[in-house]
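The values are calculated or read from the model by the stated rules, or taken from the named source; none is laboratory data. Being a predicted model, the structure only gives us computed values, none of them experimental. Neighbour counts are summed over all protein chains in view; Cβ atoms, including those assigned to glycine, are modelled from backbone coordinates with ideal geometry. Areas reflect the complete protein model, heavy atoms only, side chains present, ligands, DNA and RNA absent. Shrake-Rupley method; radii C 1.70, N 1.55, O 1.52, S 1.80 Å.
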Amino acid sequence: MTDPAARAAALLHLHHDGLEPGDPLRAPIGLSSMFHLPGDPSGLKGYGRGDNATWEAAEAALSHLEDAPSVLFPSGMAAITAGLMAMLKAGDRLILPSDGYYTTRLLSERVLERFGVEAEMRPTARMAEGGFDGVSLVMLETPSNPGLDLCDIAGIAAEVHAAGGRVICDNTTMTPLGQRPLDLGADVVVASDTKAPNGHSDVLAGHVATRDAELLERVRDWRKISGAIPGPMDAWLLLRGLETLEVRLSRMWATAETVADALAAHPKVERLVYPTRPDHPQADLAARQMSSGGTLIGLTLADAETATRFITGCPYLASATSFGGVHSSAERRARWGDEVPGGFVRLSIGCEPEAALVPALIEALDRA
Ligand SMILES: *Cc1c(COP(=O)(O)O)cnc(C)c1O
């Protein structure tokens, strides 16, 4: 299914096929760790570390959105770990983004390297520079966070494949509705569903999606063996969130675009980065590869104090890390040691009506 509208519409009716009269319309929350198993257990649900009906319902929704089989995990990091463990072995060379998700870099430095993986980091904006001979796996994360630099997924995937390697893409910031790495040639997608897919800042979750049957089996195996399994209640909440993902993202993306244009013109803003704005150095690539500019905006103000006054002075900004929730939020990224100026703010745009949010942001900037 390639039509985005049809895909979003069908998502809301996934669980309805095959219902008997009187069946509940909603997927169950399966809380049982044990199953009734007299005699031959083959083909039956056996034990809660391997089987759960609520995971299956959430995975059906994720697989539908990805147009690829998807495996649910209890966090984005659990999904990333599963993807990397399925694709790497001792002696392999890995390239990953130096401006990618911090904990992924820690996973590489503190764990993968200990098991004999040779890792090299390079910035997202320079990821396409080649040198992929002898590289087993290239990890992409575009847009990067918080710099919002991009890399060309299709171009890199073609080069890496020609050199005999594979590509894994962290698609958290865009979701399968905003960017389709598997269609662009990536072998595996990993994502944190803690962000927009759940969307209500009350669940951590993640998934791995791939059309490669062997890798899929290894990822499933990893979950069962490592025991990195999601809770049924969390899976059910994620499923509920996924059903409104399209409507939330349409609102959030449109608002983010308006906010980016409105704030870029404000005299207190020294620099504003948003991927689809014409002043973004890779705006052409953004237009080709993303169906929107996303929900994140990078904003540089004079200094840390001005940035803090802006964030705390706007009633519609939660002072919080993470992004993708229904509420807008903001934080100074220098407080985590990101290589950004002290006055750099990452804005995550939520579902507040634009008519209320935009004037409130401008007023907070005026007073900052
Ligand atoms: C949040 C995030 C993760 C980690 O996800 P968790 O659900 O917090 O484990 C990984 N990659 C990116 C890009 C993220 O934003």
When (1) within 16 Å of the ligand (Cβ to nearest atom); (2) over 15 Å from the mean Cα position of the chain (by Cα); (3) not charged (D, E, K, R) are applied to Gly91, the one that fails is (1)
Filtering the range 203-259 down to residues that are under 20 Å from the mean Cα position of the chain (by Cα) and of a type in the set (Ser, Thr, Tyr) yields Thr210, Thr244, Ser250, Thr255
For the range 132-151, pairs from a residue that is touching a residue at least 60 places away in the same chain (Cβ under 8 Å) and closer than 15 Å to Lys89 by Cα to a residue that is outside any loop (DSSP other than H, G, I, E, B) and within 12 Å of the ligand (Cβ to nearest atom), with Cβ under 7 Å and 6 or more apart or across chains, are none
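I'd like to know if the range 325-344 contains one or more residues that are aliphatic (A, V, I, L, M) and open to solvent by less than 10 Å² (accessible area, probe 1.4 Å).
Step one: of the range 325-344, the residues aliphatic (A, V, I, L, M) are 326, 330, 334, 340.
With open to solvent by less than 10 Å² (accessible area, probe 1.4 Å) added as a condition, the list becomes 330.
Looking for residues that are aliphatic (A, V, I, L, M) and open to solvent by less than 10 Å² (accessible area, probe 1.4 Å), one finds at least one in the range 325-344, hence yes.
In the range 129-148, how many are more than 17 Å from Gly293 (Cα to Cα) and either within 14 Å of the ligand (Cβ to nearest atom) or not aromatic (Phe, Trp, Tyr) (or both)?
Step one: filter the range 129-148 for residues more than 17 Å from Gly293 (Cα to Cα), giving 129-140.
Narrowing further to those that are either within 14 Å of the ligand (Cβ to nearest atom) or not aromatic (Phe, Trp, Tyr) (or both): 129-131, 133-140.
Residues meeting the conditions: 11.
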Of the listed residues (Ala228, Ala196, Ala191, Ala235), the one being assigned to a helix (DSSP H, G or I) and either under 21 Å from Arg26 (Cβ atoms) or within 13 Å of the ligand (Cβ to nearest atom) (or both) is Ala235
Here the qualifying pairs (Cβ atoms under 8 Å; residues six or more apart or on different chains; first in the range 98-111 and under 10 Å from Met77 (Cα atoms); second more than 11 Å from the ligand (Cβ to nearest atom)) come out as Thr104/Leu96; Leu107/Leu84
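Filter the range 235-257 for residues that are closer than 26 Å to Leu361 by Cα, open to solvent by 10 Å² or more (accessible area, probe 1.4 Å) and touching a residue at least 24 places away in the same chain (Cβ under 8 Å) and give the result. Please lay out each step first, then the result.
At the first step, the residues of the range 235-257 found to be closer than 26 Å to Leu361 by Cα are 244-257.
Subset that is open to solvent by 10 Å² or more (accessible area, probe 1.4 Å): 244, 246-248, 250-251, 253-254, 257.
Those that are closer than 26 Å to Leu361 by Cα, open to solvent by 10 Å² or more (accessible area, probe 1.4 Å) and touching a residue at least 24 places away in the same chain (Cβ under 8 Å): Thr244, Glu246, Arg248, Arg251, Trp253, Ala254, Glu257.
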Going through the range 149-178 in order, the residues found to be within 12 Å of the ligand (Cβ to nearest atom), part of a loop (DSSP other than H, G, I, E, B) and not hydroxyl-bearing (Ser, Thr, Tyr) are Asn171, Met174
Among residues of the range 259-280 being touching a residue at least 24 places away in the same chain (Cβ under 8 Å) and assigned to a loop (DSSP other than H, G, I, E, B), the residue nearest to Leu177 (Cα to Cα) is Pro275
When the range 199-212 is checked residue by residue, the ones that are open to solvent by less than 10 Å² (accessible area, probe 1.4 Å), within 12 Å of the ligand (Cβ to nearest atom) and in a loop (DSSP other than H, G, I, E, B) are Val203, Ala205
